[in-house]
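A.B. asks: Structure below; questions to follow.
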Amino acid sequence: MRDCLLFFVRYPEPGRVKTRLIGPASPALVADFYAALVGDALFRLSGAIGADLFVCFTPAGREEAARRWLGPEQRLLAQRGQGLGERMANAFRDAFALGYDRAVLTGSDIPGLTPGVVRRGLDALTPGRAALGPAEDGGYYLAGFHRDGFVPALFDEAEWGGSGVFARALERLTGAGMETAELDRLADLDTVDGLRALLDSPDCPLAGRALALGRQVAGRRPERGNR
(Lines give C-alpha, C1' and ligand atoms only; values in the text may rest on other atoms or scores of the structure.)
Protein backbone atom coordinates (compact mmCIF):
# COMPACT_ATOMS: atom_id res chain seq x y z
CA MET A 1 0.00 0.00 0.00
CA ARG A 2 1.17 3.52 -0.81
CA ASP A 3 -0.12 5.92 1.84
CA CYS A 4 -0.04 9.69 2.20
CA LEU A 5 -1.16 12.46 4.50
CA LEU A 6 -2.63 15.63 2.95
CA PHE A 7 -1.87 18.38 5.45
CA PHE A 8 -3.87 21.53 4.72
CA VAL A 9 -2.30 24.90 5.54
CA ARG A 10 -2.86 28.54 4.67
CA TYR A 11 0.11 30.84 4.17
CA PRO A 12 0.36 32.84 7.44
CA GLU A 13 -0.39 36.30 6.12
CA PRO A 14 -1.65 38.58 8.92
CA GLY A 15 -5.40 39.02 8.73
CA ARG A 16 -5.83 35.93 6.54
CA VAL A 17 -5.40 33.10 9.06
CA LYS A 18 -7.35 32.18 12.22
CA THR A 19 -9.30 35.41 12.02
CA ARG A 20 -11.60 34.44 14.90
CA LEU A 21 -8.59 34.71 17.20
CA ILE A 22 -8.06 38.33 16.20
CA GLY A 23 -9.39 40.87 18.66
CA PRO A 24 -7.32 41.39 21.78
CA ALA A 25 -4.47 39.86 19.74
CA SER A 26 -3.19 41.57 16.61
CA PRO A 27 -3.40 39.94 13.17
CA ALA A 28 0.42 39.70 13.12
CA LEU A 29 0.53 37.89 16.48
CA VAL A 30 -2.20 35.48 15.42
CA ALA A 31 -0.33 34.74 12.17
CA ASP A 32 2.86 34.04 14.12
CA PHE A 33 0.95 31.72 16.44
CA TYR A 34 -0.57 29.86 13.49
CA ALA A 35 2.86 29.48 11.85
CA ALA A 36 4.19 28.02 15.11
CA LEU A 37 1.28 25.55 15.25
CA VAL A 38 2.07 24.42 11.72
CA GLY A 39 5.77 24.04 12.49
CA ASP A 40 5.06 21.96 15.58
CA ALA A 41 2.65 19.69 13.70
CA LEU A 42 5.08 19.08 10.86
CA PHE A 43 7.87 18.30 13.31
CA ARG A 44 5.58 15.88 15.16
CA LEU A 45 4.18 14.11 12.08
CA SER A 46 6.98 14.11 9.51
CA GLY A 47 8.71 10.75 9.38
CA ALA A 48 6.53 9.32 12.15
CA ILE A 49 3.41 8.17 10.31
CA GLY A 50 4.88 5.63 7.89
CA ALA A 51 3.46 7.60 4.96
CA ASP A 52 4.41 10.45 2.66
CA LEU A 53 3.31 13.88 3.84
CA PHE A 54 2.16 16.58 1.43
CA VAL A 55 1.70 20.13 2.66
CA CYS A 56 -1.32 21.34 0.70
CA PHE A 57 -1.03 25.11 0.72
CA THR A 58 -3.23 28.04 -0.22
CA PRO A 59 -3.26 30.53 -1.87
CA ALA A 60 -1.92 28.58 -4.83
CA GLY A 61 0.15 31.54 -6.05
CA ARG A 62 2.28 31.63 -2.89
CA GLU A 63 4.39 28.55 -3.62
CA GLU A 64 7.75 30.35 -3.38
CA ALA A 65 6.74 32.03 -0.14
CA ALA A 66 5.42 28.74 1.22
CA ARG A 67 8.71 27.06 0.32
CA ARG A 68 10.69 29.72 2.19
CA TRP A 69 8.36 29.35 5.18
CA LEU A 70 8.21 25.56 5.35
CA GLY A 71 11.66 24.61 4.10
CA PRO A 72 12.96 22.75 1.05
CA GLU A 73 12.42 19.30 2.59
CA GLN A 74 8.62 19.53 2.48
CA ARG A 75 6.53 18.11 -0.36
CA LEU A 76 4.23 20.92 -1.47
CA LEU A 77 0.91 20.55 -3.26
CA ALA A 78 -1.19 23.58 -4.16
CA GLN A 79 -4.84 23.48 -3.15
CA ARG A 80 -7.09 23.67 -6.21
CA GLY A 81 -10.65 24.93 -6.28
CA GLN A 82 -12.88 27.74 -5.10
CA GLY A 83 -14.33 26.57 -1.78
CA LEU A 84 -12.92 24.38 0.96
CA GLY A 85 -14.92 21.33 -0.12
CA GLU A 86 -13.72 21.54 -3.71
CA ARG A 87 -10.13 21.99 -2.57
CA MET A 88 -10.30 18.94 -0.30
CA ALA A 89 -11.89 16.74 -2.96
CA ASN A 90 -9.24 17.82 -5.47
CA ALA A 91 -6.44 17.05 -3.01
CA PHE A 92 -7.65 13.45 -2.81
CA ARG A 93 -7.88 13.31 -6.60
CA ASP A 94 -4.31 14.59 -6.86
CA ALA A 95 -3.06 12.01 -4.36
CA PHE A 96 -4.70 9.13 -6.19
CA ALA A 97 -3.41 10.46 -9.53
CA LEU A 98 0.09 10.31 -8.04
CA GLY A 99 -0.41 6.59 -7.39
CA TYR A 100 -1.30 6.53 -3.69
CA ASP A 101 -3.70 3.82 -2.54
CA ARG A 102 -4.81 5.40 0.73
CA ALA A 103 -4.90 9.03 1.81
CA VAL A 104 -6.02 10.98 4.83
CA LEU A 105 -6.52 14.72 4.92
CA THR A 106 -6.30 16.88 8.02
CA GLY A 107 -6.15 20.49 9.03
CA SER A 108 -3.20 22.29 10.56
CA ASP A 109 -4.88 23.67 13.70
CA ILE A 110 -5.34 20.42 15.66
CA PRO A 111 -2.73 20.50 18.45
CA GLY A 112 -3.77 17.08 19.77
CA LEU A 113 -3.22 15.31 16.45
CA THR A 114 -0.62 12.56 16.86
CA PRO A 115 1.11 10.21 14.43
CA GLY A 116 -0.86 7.37 16.01
CA VAL A 117 -4.20 8.96 15.12
CA VAL A 118 -3.09 9.49 11.52
CA ARG A 119 -1.78 5.94 11.30
CA ARG A 120 -5.02 4.47 12.64
CA GLY A 121 -6.91 6.48 10.07
CA LEU A 122 -4.79 5.14 7.23
CA ASP A 123 -4.89 1.55 8.44
CA ALA A 124 -8.70 1.63 8.66
CA LEU A 125 -9.14 2.44 4.97
CA THR A 126 -10.51 -0.13 2.56
CA PRO A 127 -12.59 0.22 -0.62
CA GLY A 128 -15.66 -0.10 1.60
CA ARG A 129 -14.55 1.87 4.63
CA ALA A 130 -13.64 5.55 5.07
CA ALA A 131 -12.25 7.29 8.16
CA LEU A 132 -13.41 10.43 9.97
CA GLY A 133 -11.95 12.24 12.98
CA PRO A 134 -14.70 14.11 14.84
CA ALA A 135 -13.90 17.56 16.19
CA GLU A 136 -15.29 18.77 19.48
CA ASP A 137 -17.20 21.60 17.78
CA GLY A 138 -19.27 19.20 15.68
CA GLY A 139 -17.12 19.24 12.58
CA TYR A 140 -14.33 16.86 11.63
CA TYR A 141 -10.58 17.33 11.53
CA LEU A 142 -9.63 14.29 9.42
CA ALA A 143 -11.11 12.42 6.49
CA GLY A 144 -9.62 9.41 4.75
CA PHE A 145 -10.33 7.24 1.72
CA HIS A 146 -8.98 4.25 -0.18
CA ARG A 147 -8.55 5.11 -3.84
CA ASP A 148 -11.21 2.52 -4.78
CA GLY A 149 -13.72 3.89 -2.27
CA PHE A 150 -13.44 7.65 -2.74
CA VAL A 151 -16.72 9.51 -2.11
CA PRO A 152 -16.31 13.10 -3.36
CA ALA A 153 -19.90 13.86 -2.32
CA LEU A 154 -18.60 13.98 1.27
CA PHE A 155 -17.29 17.46 0.49
CA ASP A 156 -20.58 18.86 -0.87
CA GLU A 157 -21.02 20.88 2.32
CA ALA A 158 -22.62 24.31 2.32
CA GLU A 159 -21.63 25.29 5.88
CA TRP A 160 -18.30 24.09 7.24
CA GLY A 161 -18.56 25.92 10.54
CA GLY A 162 -21.81 24.45 11.83
CA SER A 163 -22.20 21.91 14.62
CA GLY A 164 -23.81 19.34 12.33
CA VAL A 165 -20.98 18.92 9.84
CA PHE A 166 -19.74 15.60 11.25
CA ALA A 167 -23.25 14.13 11.48
CA ARG A 168 -23.99 15.09 7.88
CA ALA A 169 -20.67 13.60 6.77
CA LEU A 170 -21.59 10.27 8.38
CA GLU A 171 -24.95 10.35 6.62
CA ARG A 172 -23.31 10.98 3.25
CA LEU A 173 -20.88 8.10 3.70
CA THR A 174 -23.61 5.74 4.88
CA GLY A 175 -25.76 6.79 1.93
CA ALA A 176 -22.87 5.89 -0.38
CA GLY A 177 -22.73 2.40 1.12
CA MET A 178 -19.56 3.05 3.12
CA GLU A 179 -18.62 2.03 6.61
CA THR A 180 -16.85 4.71 8.63
CA ALA A 181 -14.03 4.29 11.13
CA GLU A 182 -14.37 7.03 13.77
CA LEU A 183 -11.12 8.24 15.29
CA ASP A 184 -10.39 10.13 18.52
CA ARG A 185 -12.45 13.24 19.22
CA LEU A 186 -10.08 16.22 19.17
CA ALA A 187 -10.32 20.00 19.50
CA ASP A 188 -9.34 22.47 16.83
CA LEU A 189 -8.30 26.03 17.58
CA ASP A 190 -10.84 28.44 16.17
CA THR A 191 -11.77 30.79 19.03
CA VAL A 192 -10.09 32.56 21.92
CA ASP A 193 -12.31 30.66 24.37
CA GLY A 194 -11.21 27.39 22.81
CA LEU A 195 -7.57 28.41 23.07
CA ARG A 196 -7.98 29.35 26.73
CA ALA A 197 -9.64 26.01 27.47
CA LEU A 198 -6.73 24.22 25.79
CA LEU A 199 -4.19 26.22 27.78
CA ASP A 200 -6.01 25.36 31.02
CA SER A 201 -6.23 21.63 30.30
CA PRO A 202 -3.81 19.42 32.27
CA ASP A 203 -2.60 17.73 29.09
CA CYS A 204 -2.20 20.84 26.92
CA PRO A 205 -0.23 19.73 23.85
CA LEU A 206 1.23 23.19 23.11
CA ALA A 207 4.91 23.68 23.86
CA GLY A 208 7.78 26.02 23.18
CA ARG A 209 7.11 28.93 20.86
CA ALA A 210 3.53 27.82 20.12
CA LEU A 211 2.75 27.79 23.85
CA ALA A 212 4.32 31.20 24.44
CA LEU A 213 2.52 32.77 21.49
CA GLY A 214 -0.72 31.01 22.39
CA ARG A 215 -0.63 32.55 25.85
CA GLN A 216 -0.18 35.98 24.30
CA VAL A 217 -3.09 35.44 21.90
CA ALA A 218 -5.26 34.32 24.83
CA GLY A 219 -4.29 37.39 26.85
CA ARG A 220 -2.38 35.39 29.46
CA ARG A 221 0.78 36.52 31.18
CA PRO A 222 3.88 34.73 29.91
CA GLU A 223 5.08 31.86 32.03
CA ARG A 224 8.46 32.20 33.71
CA GLY A 225 11.08 31.19 31.19
CA ASN A 226 8.97 32.41 28.23
CA ARG A 227 9.59 36.10 28.89
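A.B. asks: Those residues that are at pLDDT below 95 and surrounded by 14 or more Cβ atoms within 10 Å (Cβ to Cβ), I need them from region 45-58; list them, please.
C.D. replies: 46, 48
A.B. asks: Scan region 119-140 for residues that are within 25 Å of residue 164 (Cβ to Cβ) and surrounded by 17 or more Cβ atoms within 10 Å (Cβ to Cβ) and report the count.
C.D. replies: 13
A.B. asks: Listed residues 75, 80, 2; which is modelled with pLDDT of 95 or more, surrounded by fewer than 17 Cβ atoms within 10 Å (Cβ to Cβ) and touching a helix residue (DSSP H, G or I) at 6+ places or on another chain (Cβ under 6 Å)?
C.D. replies: Unique residue meeting the criteria: 80.
A.B. asks: Can I ask one more? Could you list all residues from region 14-45 that are assigned to a loop (DSSP other than H, G, I, E, B), more than 14 Å from the chain's Cα centre (by Cα) and free of Cβ contacts under 8 Å to residues at least 24 places away in the same chain?
C.D. replies: Across region 14-45, the qualifying residues are 14, 15, 16, 26.
A.B. asks: Would it be correct to say that residue 33 is more than 15 Å from residue 209 (Cα to Cα), surrounded by 14 or more Cβ atoms within 10 Å (Cβ to Cβ) and hydrophobic (A, V, I, L, M, F, W, C)?
C.D. replies: Criteria not met by residue 33.
A.B. asks: While we're looking at this one, here's another question. How do the pairs read when you match residues in region 121-136 that are within 16 Å of residue 169 (Cα to Cα) with residues anywhere that are among the β-branched types (Val, Ile, Thr) and assigned to a loop (DSSP other than H, G, I, E, B), using Cβ under 7 Å and keeping only pairs 6 or more apart or on different chains?
C.D. replies: 130/151
A.B. asks: For region 5-24, name all the residues that are surrounded by fewer than 21 Cβ atoms within 10 Å (Cβ to Cβ) and more than 20 Å from residue 61 (Cα to Cα).
C.D. replies: Those that are surrounded by fewer than 21 Cβ atoms within 10 Å (Cβ to Cβ) and more than 20 Å from residue 61 (Cα to Cα): 19, 20, 22, 23, 24.
A.B. asks: While we're on this one: Farther than 25 Å from residue 150 by Cα and in contact (Cβ under 8 Å) with a residue 60 or more places away in the chain - does that describe any residue in region 89-108?
C.D. replies: So far as region 89-108 goes, no, none of its residues is farther than 25 Å from residue 150 by Cα and in contact (Cβ under 8 Å) with a residue 60 or more places away in the chain.
A.B. asks: Here is a further query. Under 26 Å from residue 22 (Cα atoms), surrounded by fewer than 17 Cβ atoms within 10 Å (Cβ to Cβ) and touching a strand residue (DSSP E or B) at 6+ places or on another chain (Cβ under 8 Å): which single residue out of 221, 209, 185 fits that description?
C.D. replies: The unique qualifying residue is 185.
A.B. asks: Can you name the number of the only condition in (1) surrounded by 15 or more Cβ atoms within 10 Å (Cβ to Cβ); (2) in contact (Cβ under 8 Å) with a residue 12 or more places away in the chain that residue 177 fails?
C.D. replies: Tallying (1) surrounded by 15 or more Cβ atoms within 10 Å (Cβ to Cβ); (2) in contact (Cβ under 8 Å) with a residue 12 or more places away in the chain, residue 177 fails exactly one: (1).
A.B. asks: What's the number of the only condition in (1) over 26 Å from residue 117 (Cα atoms); (2) crowded, with 21+ Cβ neighbours inside 10 Å that residue 91 fails to meet?
C.D. replies: (1)
A.B. asks: So, of the residues in region 154-166 that are more than 16 Å from the chain's Cα centre (by Cα) and surrounded by 14 or more Cβ atoms within 10 Å (Cβ to Cβ), which turns out to be farthest from residue 89 (Cα to Cα)?
C.D. replies: 162
The values are calculated or read from the model by the stated rules, or taken from the named source; none is laboratory data. What you see is a predicted model, and the numbers here were worked out from it, not measured in a lab. Note that each Cβ is placed from the backbone with ideal geometry, even for glycine, and that neighbours are counted across all protein chains shown.
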